[in-house]
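The values are calculated or read from the model by the stated rules, or taken from the named source; none is laboratory data. Bear in mind that the values here come from a model prediction, so they are computed numbers and not experimental data. Note that we place each Cβ from the backbone using ideal geometry, even for glycine, and neighbour counts take in every protein chain shown.
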Amino acid sequence: MVLLVCCYQVFEVRFLLSAVKGLAIEERFFPFVPLCGFAWVGGGEETAGHEVSCGGGMGEAENQSRYGTAGVEFEGKHKEETCVMELFFLPGQGRLISQCDNVSLHLFELNEKDGKWVLEEVKSCSLQGRLKNITTCCLPSSGEHLLIGTDGGNIYLLDVKSFEMTDHIIYQDIVIQKANVYLIIINFLSVPDDYKLNPGSVEAIAEHPLNPDKIVIGYNRGLMVLWDNKTLNSENTYVGSQQLESVSWHRSGTKFMSSHNDGTYVVWSSTDSSKPEEAPVPPYGPFPCKAISKVLWRSVKGGDDFTIFAGGMPRASYADKHTVTVMCGDKHQVLDFTSKVVDFFTICHGDEESVKYDNPHTLVVLAEEEIVLIDLESDDWLPFRLPLLSSLHMSSITCTQHVSNVPQDLWNTIITSGNKQVSGKYTEREWPITGGDNELESPTFHNLLLTGHEDGSVRFWDASGVALSHLYTIHTSHIFVNEDGEPPVDEEEWPPFRKVGSFDPYSDDPRLAIKKILLCPLSKTLVVAGTAGQIMFFELKDEEVEKQLEAHSVNIVSDRDSFVWKGHDQLSLKQGNMKFAPGFVPVTIEQLTPPAAVTAIALHTEWGLVAAGTAHGFALFDYIQKKTVMSKCTLNPNDLMAVGDAAMSRKKSFKKSLRQSFRRLRKGRSQRSKRDKTPTKEDVKSPAREKERERETEADTGAASPAVETKPVERQVEARSADDSMGSMVRCLYLAQSFIINNALQSYTLWAGTNAGAIYVFTISLPKEKDNRKTEAVACQLGKEIQLKHRAPVIAIQILDGLGHPLPEPFEVENNRAKSPDLSGNHRVIICSEEQFKVFTLPSLKPFCKFKLTASEGARVRKVAMIKFVSSRDENYNEDCMTCLTNQGEISIFTVPDLRRQQTHNCLKREDINGISSVVFTKTGQAFYLHSPCEFQRFTLSTKDILQTKCKIELPEGARPPPPISDTEESTEQTEEGEEKSADKEDQPEKAVDVVATLVENLNVKDEKAESTESKPDANASQDESKGELDITVDSVKDHISNLCTEGVTSVIEKAESSKVVQETVTKVSSMVVSTKETIINAKESVISTSENAKETVINATENAKESFLNASENAKGIFTSAKSSAKETVISTTEKLRSDNGCVVKGELISGGQVGEQMLNGISLTALGKSPKSAATKNKAPTAILEEFNHDEDGA
C-alpha cells in the first residue's frame, strides 16, 4: 500500500554545446526539470485533522506524502527502500513519525531550505535485532513517547525528543502477574491459565481520553488490561471470548468498545471488569461473519453516538466485499469500496475545540486505490468532491492527450457541464483538510489533460496547476448495447450497501476501450476512437439534446476478397432517441470494417475531415456530410495468406543481407582510398562538392565533427512474426496543406505511414466556396508513394514552411495563435521512423539531410513531437525543435530542418516499457508519462514552462522542542576534558621542575635579558595576567613540594615509572632549592634521563613557560628589574638557612626544617613579586588544586 505523489528521480543530464544563432541554448531553452506528479497507488495512516499523511509500498514504499488544502503537498523519501506501515503526526510541530516493515522508525520534519519547504528525514531508529515484529503503535496526546507493541507481548517506549528507545519496558508477564493479583484480591477471580502462559501479541493500545497516564492494552487472544503507566499497576482486566482486533474509547472515559474476529463488538465499563456492559453485538449475524478489523466510537452532543467499523460482513454472502459501516441511531449505511480498506479515521470538532464531545463531521477512508471523504453532517452522508488525490486509474488508462491554452468559453462550458454531471452526488461543504498555505499564483491560462479508459470513458482533468482535478467525464458505453444489461436494484437489500468511490477496475466489454483521442479546442470538436473500430464525433452543446445516432460503415478491405476477419464483432448501436446532458454530445459514428483497433487518427476541423488507420489500412471520412471519402488497404499477400506467420521470407532476407554486406565492404574500401589519396586539382576546385559531402557526414552522425568518423554499422534484417510488426499497420496520419505537385500550387494532402516504411501521399480536392462545403463532394486520389530503404515503421510526419517552422494547427491563424506559414521558400517534410529521421524537400522529395539513430546508438524512436521553446531572457524569441523519446528512455532535442542534436536527457528507465509508451508531450515543452498504471509524472524541457509546488506551513514559536545533546556528544566532550585534565596531571611534576629551573636561570642572567623575559605586576594585578601566571606557577611548585613532604601524596608516584625513580626525583628537586644553578641543571638532566616521556613533557613545559615570559607586559619590566636584586638576595639567604636546618629526605618525606624553609621562601617570593603571602588554607591545598588554579589563570591570560 502506498500513496505516490511527486516521486522525483535523479536524472543524468548530458549537455551538447550548441552555437545556433549565437545563443546559450542549454541555459535559455532546454533545462530538464522533473516536476510534480499526479497519482494514487494505495494507502497509509493519519492522526490529525488539518493534514493528511500517506505512505506506502508496491514498489515505491520508500515514499510518503503529506497533503493539506488544495495545492499543498510535501513529498519525502526514506533513505532505504522499505514499506511504510503507519504514520503519526506530532501536532503543532510540523513533524511526523513513520513506522516501516523493516522494524525501523523514522522522524520527518517540514523545513524551509533555499526558500522551499521540504519534508526531510532527520532521525531514524532501527530496532532490528532488538525487537520482533511491530504489531501496533500508539502516540499519546503528550507526544513525549511512542508506545510500540510487539508480537512478543511487550510494549517498548521511544523517546520522541531524542528518538531513542528508553529503558522503560512494559513487560507482558509483569502486566499479567499484576492483573492476576488484582483480580484475586478484588473480584476473587483470576486470569485463565492459558492467558497466563501466552495471551498473544499486542493488538491494540488505546490512551484514556481523560487521563493520559492510563492505557488499555489489548492482547491477541482477547485479554485487555487497563494499565496505569504512572504507578505501573493494572487497574482492571477484561477477558474477551474471541480474538481481539481493535479497541476504541468513549470520550467520557467511562467505557470503551472492543472488536473481534467473529464479527462482533463489545462494550466494557472502565470500572467494572466482571462482565461486558453490553452483550456482544454481531451487526450482520447470526451467521458467521468476517472480522471487524477496526472500530471507532464517537460521541455527539445532543444526539446518538457514531459507531464506525470496517468489515463484519457475512462470510457466505459478502466475503469479497470491502466495507466500512457507519451507524448513528436509526441511520445505517454500509459504504462499499472496490478496493481493500487500509485505514479510516474521523475529523472531529471536539479535537479542535477540546470539548466533552467528539462531534465528528468528516469520515476519511483510505483504500488501496483511492481516498474517500464522507460528510457526516449531511443528511445522506454524501462524499466530498476531491480537489486532489483523485484516482486517475478508476478504470485503466489506455491513451492520453494534452491540450494547451484552452479558450475561456470552452473551459467554462466544461466546468458547467461537469458540475451538472455530479449535481446531488457530492456534498456542498468545503474541503475539510485545510493545513498549509498555497503560495502558487493562479495560472493565467488553462490546460486540459484527456485520458481514455478501458471502460469506454473519456475524462477531462485540469492540468493547469500542480494537482490534477477532475472536471468532466464522457461515457461512450451508454451509446452502445450492453449485453449484460443494467443490474437489478434491490431497495430492501440487507446490509444496506451504498457504492462509494470512483475506482472501478472492472470493464463490461473490452471492445469499449479508448485507443485515440483528439480535441480541437478552437472548434470544440472531439474525436474518440475505440478498440472495435468505432470512431465517435462529439460537439459541445450548452443544453440537453435528444436525438437518434447513426453509424456509417467503412470497409477498408473491400477490394481483398480473400481476407477473413477472425477477431471480435463490432459494437451494436442503441436504437431510438437518446437523451444527452449538456456537454460533449455525439454527432455521428464511423464504424471501420474489419472492427480492429484504431492505431492512428488525424483531424482537420477546418476541412471537416478525419483520417483513421488500423492494422489493415486507412480511410478518410467527411464528418460534415457524414460520408466516406476514400479507403486504402495496406495488406500485402503475406498478410492475407498467413496472418501470424513470418512476414518476411528467410531466403529473401538471407540474400538481401549478403548483398548489403558486400555493398558495405565495397563502400568502406572506397572511402578508405579516398581518405588515403592526396587531394587532386579537381578536388581543390570543387568547394561546393566538398561542402555537400561535409553536410551529408554531419547529418549522418548528428553533429558537425572536424574528424572523419567511421560509418556506423547498420542493423541486420531479422525475420519477425506478423504479430510483432505487421507491415500493413498504419502508424501515423497527417493532414496538411503544402506543395506536392509543383512550387506554385498548394494542395490539401493526406500523409500515411505504415509499419513497413511505406508512405502514401494523397491529394484532396475541397470545394472552393465554403458555402458549398455541405453539398459538394470531397475527392481524394493518390499523389505519391515513398518506400524507405531501411523499411522501419514510420511513426511521425511533419511539414515545415520556408522558414523551418511547423505548419499551424487548424484555426490557429484565424484566432491569432500562430503566424501564417511562409510560402516563399521550399517546404520540407520530416519523415520520422523508428530508426532514423530524414528530411525531404517539397515537392521534389529530394533528400535534404538525415540522422541515423539506430545505426549509431542502437536505440529506437518511440515518440516524436514538435515543441516551441521560448527564451527565458527574451519572450519574443523562440525556436521550433523536434523532440524524440527512444526505447532507452532518453529524450533528445533536434533543431529543424538541419537535425542538429542539442541535448540528450536520461528520463526514464529502459525497463519501464509502459512509461515510455505512455509519454505525451505538450506544445510548450512539458511532458507527462505513466510512472505506474495509476500515476502521472510530469517533467519539463523548457525554462519558460516550469511548474512546481510552492507551499508552506506556519509553525508557532517554540513549537519544536530544542534538540537534546546526545549521549555521544556528551561522552565526546567529557572524554576530551578528561584527556586534557589527565595530561595536565601527568605534566605537573615536570612543570614544577621546569618552572623552578627557569626561575633560577632568569634570576642569574643579565638585566637586559631579564627585562625581556620577566615582568612584575603593578598595584592593579589585572593589568598583567602573565605575571600572575608566574606567581601561581612558583606557588604551585612550592605547595606541591610541601604537600609531598607533609601528606605523602602519591599523585607523582602514580605517574612515574617506579617509586624509586620518584624518590630520586623529589630528592633532586629539594636539592635544587638549596643548591646553586649548576645543581638544579644537573637534577633536571637526571629527571630527563630517567624517562623519555618525561623528557618530552619537560621540554614542552619549558617552551611554554618561556613563551609566557616573552609575552609579559612591557609596563612591568622596569618594576621587576628594581626588585630583582632584593629577590635574589632573599633566595640566597633562604637557601643558606635551609642548609643550616639540616634538611634531609627519609623514605620520601622531608623533615619540618625543610617545611619552614619552604614557607619562608614562599613568603619572600610573594613579597618580591608584589603579592601578600597566601593564607594557611591556600598553602594546604593539594598540588592538583593549585595547578588547576594556575591553568585557569593561564587560560584567562
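Quick notes
- Residues satisfying the stated conditions in the range 901-912, i.e. out of contact with any helix residue (DSSP H, G or I) (no Cβ under 7 Å at 6 or more places or on another chain) and in contact (Cβ under 8 Å) with a residue 24 or more places away in the chain: Arg901, Thr904, His905, Asn906, Cys907
- Yes/no for Lys789 being at pLDDT 55 or above, out of contact with any Pro (no Cβ under 9 Å at 6 or more places or on another chain), of a type in the set (Lys, Arg) and farther than 19 Å from Phe848 by Cβ: no
- Restricting the range 556-584 to residues that are among the hydroxyl-bearing types (Ser, Thr, Tyr) and farther than 19 Å from Val730 by Cα, the residue that is modelled with the highest pLDDT is Ser572.
- Residue in the range 899-913 that is within 26 Å of Leu823 (Cα to Cα), at pLDDT below 90 and of a type in the set (D, E, K, R) present: no
- Restricting the range 900-930 to residues that are of a type in the set (D, E, K, R) and out of contact with any Gly (no Cβ under 7 Å at 6 or more places or on another chain), the residue that is nearest to Cys849 (Cα to Cα): Arg900
- Selection from the range 104-149 of residues that are more than 19 Å from the chain's Cα centre (by Cα), assigned to a strand (DSSP E or B) and modelled with pLDDT under 90: Ser126, Gln128, Leu131
- Residue in the range 356-379 that is under 28 Å from Thr924 (Cα atoms) and free of Cβ contacts under 8 Å to residues at least 40 places away in the same chain present: no
- Exactly one residue out of Val610, Val587 is more than 19 Å from Leu733 (Cβ to Cβ) and either buried (at least 16 other Cβ atoms within 10 Å of the Cβ) or in contact with a Gly (Cβ under 8 Å, 6 or more places away or on another chain) (or both): that is Val587.
- Flag for Leu745 being closer than 30 Å to Pro595 by Cβ, modelled with pLDDT of 85 or more and not basic (Lys, Arg): no
- Some residue of the range 440-454 being touching a helix residue (DSSP H, G or I) at 6+ places or on another chain (Cβ under 6 Å), closer than 24 Å to Glu935 by Cα and in contact (Cβ under 8 Å) with a residue 12 or more places away in the chain: yes
- The strands (runs of 3 or more DSSP E) falling completely within the range 600-658 that include 2 or more residues that are modelled with pLDDT under 95, in contact with a Phe, Trp or Tyr (Cβ under 9 Å, 6 or more places away or on another chain) and under 30 Å from Val778 (Cα atoms) map to 627-633.
- Residues in the range 150-164 that are assigned to a loop (DSSP other than H, G, I, E, B) and of a type in the set (Asp, Glu): Asp151 alone.
- Entirely in the range 882-953, the strands (runs of 3 or more DSSP E) that have 1 or more residues that are surrounded by fewer than 20 Cβ atoms within 10 Å (Cβ to Cβ): 890-895, 901-906
- Top-ranked residue in the range 808-829 [being among the hydrophobic types (A, V, I, L, M, F, W, C) and within 18 Å of Ile741 (Cα to Cα); ranked as surrounded by the most Cβ atoms within 10 Å (Cβ to Cβ)]: Val829
- Residues in the range 402-441 that are under 30 Å from Gly92 (Cβ atoms) and surrounded by fewer than 13 Cβ atoms within 10 Å (Cβ to Cβ) were compared, and the one that is nearest to the chain's Cα centre (by Cα) is Glu439.
- Any hit, the range 190-205, residues being in contact with a Cys (Cβ under 7 Å, 6 or more places away or on another chain), buried (at least 19 other Cβ atoms within 10 Å of the Cβ) and at pLDDT 90 or above: yes
- Identity of the residue in the range 283-314, in a loop (DSSP other than H, G, I, E, B) and hydroxyl-bearing (Ser, Thr, Tyr), that ends up nearest to Tyr238 (Cα to Cα): Ser299
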